[in-house]
1. Can you grab the distance from the C-alpha centre of the stretch 128-190 to the C-alpha centre of the stretch 252-303, Å, no decimals?
2. Using alpha carbon centroids, what distance separates the stretch 364-423 and the stretch 81-107, in Å?
3. With the cut-off at 1.5 for a/c, could you classify the stretch 169-228 from its C-alpha gyration tensor as rounded, prolate or oblate?
4. Evaluate the Kirkwood expression for the hydrodynamic radius of the chain, namely the inverse of the mean inverse distance over all pairs of different C-alpha atoms, and round to one decimal in Å.
5. What does the charge dipole of the chain about its Cα centre add up to, to the nearest 20 debye, if the Cβ of each Lys and Arg holds +1 and the Cβ of each Asp and Glu holds -1?
6. Note down the accessible area of Ser240, probe 1.4 Å, to the nearest 10 Å².
7. Using unit Cβ charges (K, R positive; D, E negative) and no other charged atoms, how large, in debye to the nearest 20, is the dipole of the stretch 104-199 about its Cα centre?
8. Carbon and sulfur together cover what percent of the accessible area of the stretch 104-199 at a 1.4 Å probe radius?
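The values are calculated or read from the model by the stated rules, or taken from the named source; none is laboratory data. Bear in mind that the values here come from a model prediction, so they are computed numbers and not experimental data. Don't worry about glycine lacking a Cβ; one is built from the backbone with ideal geometry, like all the others, and counts go over all protein chains shown. Calculation scope for accessible area: heavy atoms of the full protein, side chains included, ligands and nucleic acids excluded. Shrake-Rupley method; radii C 1.70, N 1.55, O 1.52, S 1.80 Å.
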Amino acid sequence: MSVVIVVGAQWGDEGKGKVVDLYAEAADTVVRYGGGANAGHTLVIKGQKLVTHLVPSGVCHPGKPCVLGDGMVIDPHTLLEEIAELSARGLLANGELLIGQDAHVILPYHKRIEQLREGRKGAIGTTRRGIGPAYEAKAGRRGVRIRDLFRRERLRELVDANLEELVPVMQHFGGAAPTAAEVAQWIDEAATAGERLRPHVGDASRFVADKIGRGANVLFEGAQGTLLDIDHGTYPFVTSSSTIAAGACQSTGIGPSKIDRVVGITKAYATRVGAGPFPTELHGDAAEALRQAGGEFGATTGRPRRCGWLDLPALRLGVRLSGMDGLALTKLDVLANMPEVKVCVAYKLDGREVDELPTDLDDIARAEPVFASYPGWGSLAGVTQFDDLPTTTRQYVDTVQRLAGVPFYLVSVGPDRAETIVLSDPFRD
Ligand code: IMP
């Protein structure tokens, strides 16, 4: 048996969905930890595309329990919509979904306050899904949890207490105070959504612990990426949850000793959504070429993603922060037919060469990327063995592996499951 965490090694959008889908085959249970509807996974079910934000990508494997960890912040309406869409496609038909009863709830006022804040100068470019305000309420010990949705009086008290603090802030930002009728409607809709979700709600921590105790393969699915971690990412340009691998333990109440493997997912290049440092960023035509080739538009917001070369010092930091045993390299095919492929191998900072992305924003601003350059390579279509990759591609991959400091579990050369070079299996090896 094995317990495996899959975690983004960069700033999110690394292609975790495909890797989770592959690994879910061997897993008994798939557990999403951290974040909320800020994430977006594009699933292809019977030839039709569907974007999920909350339900783990493992949902495509009928019969496997899909758990939403207690560390998540859940918008009940978004979740109900996802359940309806997945059910219409014949999924979640066997009671597979389990929602942690202590997960926090995103309410309309969280989104409203975030929209007001994000409209101001210096905004960080969030997904506006209410993630930050919901985690603020949680840390402030005034959050609404899923279990509170079943007690209408308690729900009302919590919402009233929250609004007492938040309405002056909304007004300060130029927003209107919600009317009494509006607040009553929010409470009513949340309670109704809670009742509809209730059959899926339970003790997720105990459920996952029991699975592990019985020797089942459990797959933890991270959201966002290691460098967006609230404690260790490029703060303040981060999300509000623990996106590093340790977040899986934190979110689900599973001790670190139970984890067997951590697989980091990195794209063969880099992207970032929203504001924040991105030293290897490309601009103009070069960025646009990568964006179009990789389809780099947000699955949640549709925003064009910022694109640039792979940053190995940033990847090394990610490997260290999440204790990755190995990596899955995704979207290598996107670099095919580029006239030149570059990769940042180190930084020059104040005359010194550094091998990890600095953690101080001023240091990052002064750090100069040192690039290695490779001649472009042709199509990778049909390649399923590492040795069949073009020589320059192999050299590129070898450099990434050597400087990241950990081996590859797989290399992905296309969106399809079959377009994967499997080097080892985290559930077995
Ligand atoms: P929030 O999570 O909506 O609060 O956004 C905070 C920062 O994290 C912003 O820069 C977002 O663009 C970024 N972010 C949040 N979720 C994702 C994701 O799933 N992929 C990429 N970036 C994300």
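1. The stretch 128-190 and the stretch 252-303 have Cα centres spaced 32 Å from each other.
2. The stretch 364-423 and the stretch 81-107 have Cα centres spaced 36 Å from each other.
3. Oblate, because a/c is 1.5 or more while a/b does not exceed b/c.
4. Computed over the chain, the radius equals 22.2 Å.
5. Dipole size: approximately 560 debye.
6. About 40 Å², ignoring ligands and nucleic acids.
7. Dipole magnitude for the stretch 104-199 comes out near 400 debye.
8. 48 percent
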